[in-house]
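Data block below; observations after.
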Amino acid sequence: QVQLVESGGGLVQPGGSLRLSCATSRVIFSIATMGWYRQAPGKQRELVATITNGGSTDYADSVKGRFTISRDNAKATVYLQMNSLKPEDTDVYYCNAQTNRNTYWGQGTQVTVSS
């Protein structure tokens, strides 16, 4: 069974920074487009950022210029560096691995931006 293990969420003040990490198996990591999504209670899960196995990235307009997605192939880990955080960034963040055949999700990590 494929596992995506997330870490790095927490409480931060507005304007602060957090870095999320997501580790998975090397087999999946080598072929998957990795991504981060977020979801608030009662709302649909929405895309935050994705990165292909070739390194191409895509971002939601709401996070462009503030968030950076990256991947470390040697560690089979994807990161989301979040800067200039706003209260509206408060959500549960989910790691995603998308291959041609399957979609995998992490368990989610809470990010709370509040003073």
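The number of residues in the stretch 86-99 that are closer than 14 Å to residue 24 by Cβ and open to solvent by 50 Å² or more (accessible area, probe 1.4 Å) comes to 1. For the stretch 7-60, the strands (runs of 3 or more DSSP E) that sit wholly inside it and include 2 or more residues that are touching a strand residue (DSSP E or B) at 6+ places or on another chain (Cβ under 7 Å) and surrounded by 15 or more Cβ atoms within 10 Å (Cβ to Cβ) are 18-23, 33-39, 46-51.
A search for C-beta distances below 6 Å between a residue of the stretch 33-50 that is within 20 Å of residue 77 (Cβ to Cβ) and any residue that is small (Gly, Ala, Ser) and part of a strand (DSSP E or B), counting only pairs 6+ apart in sequence or on different chains, returns 34/97; 36/49; 50/35. Please tell me if residue 83 is surrounded by 14 or more Cβ atoms within 10 Å (Cβ to Cβ) and touching a helix residue (DSSP H, G or I) at 6+ places or on another chain (Cβ under 7 Å). No; evaluated as a whole, the condition is false for this residue. The condition of being on the phi > 0 side of the Ramachandran plot and not aromatic (Phe, Trp, Tyr) holds for only one of 108, 16, 35, that being 108.
Within the stretch 66-94, being touching a Leu at 6+ places or on another chain (Cβ under 9 Å) and part of a strand (DSSP E or B) holds for 67, 68, 69, 70, 78, 79, 80, 81, 82, 93, 94.
For the stretch 67-79, the count of residues that are acidic (Asp, Glu), farther than 28 Å from residue 114 by Cα and free of Cβ contacts under 8 Å to residues at least 24 places away in the same chain is at least one.
The set of residues from the stretch 61-77 being open to solvent by 80 Å² or more (accessible area, probe 1.4 Å) and basic (Lys, Arg) comprises 64, 75.
The values are calculated or read from the model by the stated rules, or taken from the named source; none is laboratory data. Keep in mind that what you see is a predicted model, and the values were worked out from it rather than measured. All Cβ positions, glycine included, derive from the backbone under ideal geometry; neighbour counts span all protein chains shown. Each accessible area value is taken on the protein alone, full model and side chains, heavy atoms only, with ligands, DNA and RNA left out. Shrake-Rupley method; radii C 1.70, N 1.55, O 1.52, S 1.80 Å.
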